[in-house]
1. Among 3-10, 52-59, how do they line up from the highest to the lowest mean number of other beta-carbon atoms within 10 Å?
2. Report the calculated FRET efficiency for Tyr67 and Gln89 (r = Cβ-Cβ distance, R0 = 22 Å), to the nearest 0.05.
3. Say each of Gln132 and Met33 gets a label point 7 Å from the Cα, pointing the same way as Cα to Cβ; how far apart are those two points in nm?
4. Can you tell me which lysines have their Cα less than 18 Å from the Cα of Lys90? Leave out same-chain residues fewer than eight positions away.
5. Extending each Cα 7 Å along its Cβ direction at Leu78 and Tyr103, get the distance between those two points in nm, one decimal.
Amino acid sequence: MEAAHTYTINSIHPWRMLLFGVIACLIPIVLFMMSWNWWNPQFTDQYPYFFDLLIIPVLVLSAALTYLGFRMSAVGILITLDSKGFNIQKNTHFPFIPKASVYKPWEEIIAYQYLEDNKGKILKIKLNDKSQITIAQAFVLGRSGDFDRFYASFANYYKPYEITSDTFE
C-alpha cells in the first residue's frame with residue numbers, strides 16, 4: 001500500500017480577488033475625495049499644497065490595501081492523494097466562508113484537463129455526476145512548486161484519460 005501524498009496550493013478565486021482588490025483600492029481614494037470638500041476653505045487657502053502632497057500617502061495606502069485584498073482572497077487548498085482517491089480541503093481567511101472538504105475516489109473521474117498560460121495553471125476534473133472540480137493557481141501569488149508536484153502525482157495515479165476541451169463544454 002502506497003503512502004498518501006499531501007500538497008498545499010494557494011488558489012485565488014478571480015471574482016473574490018477582483019472584489020476585495022478593487023474595493024480595497026477605492027476606499028482610501030474615495031475617502032480622500034470626499035474629505036476634500038469637508039475641509040474649511042480658509043484652511044485650503046492657507047495651505048494650498050496640503051492636499052496635493054496628501055495624495056501620495058493615500059495612493060501608497062491604496063496600493064497596500066489592494067495587495068492585502070489579493071492576499072486575503074487566496075484560499076489555501078490542502079490536497080491528499082492516495083491509491084483510493086483524493087481529498088481536497090479548502091481553508092479560507094474569513095470565518096463566514098465555510099471550510100469545505102471533498103473526497104472523491106478515482107472511479108468517479110471521467111476525464112481531466114490541464115491548462116497553463118501566463119496567468120496561471122488550471123486542472124479541471126470532470127466527475128461521473130456531471131459536476132466539475134477546478135483547481136487553479138494564479139501567478140499573482142507566486143509560483144508554487146506544489147502545484148507541479150501535485151499534477152505529476154495526479155497524472156501518475158490517474159493515467160487513463162486526459163481529454164481535450166470539448167469534453168468540458
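1. Top to bottom by mean Cβ count within 10 Å: 3-10, 52-59.
2. Efficiency computed from Cβ-Cβ geometry: 0.25.
3. 3.7
4. Straight-line reach from Lys90, under 18 Å: Lys99, Lys104, Lys121, Lys124.
5. Label at Leu78, label at Tyr103, 1.5 nm between them.
Bear in mind that the values in this text are calculations on the coordinates, not laboratory data. Everything numeric here is computed off the predicted structure, so don't read it as measured data. Backbone-built Cβ (ideal geometry, glycine too); neighbour counts: all protein chains shown.
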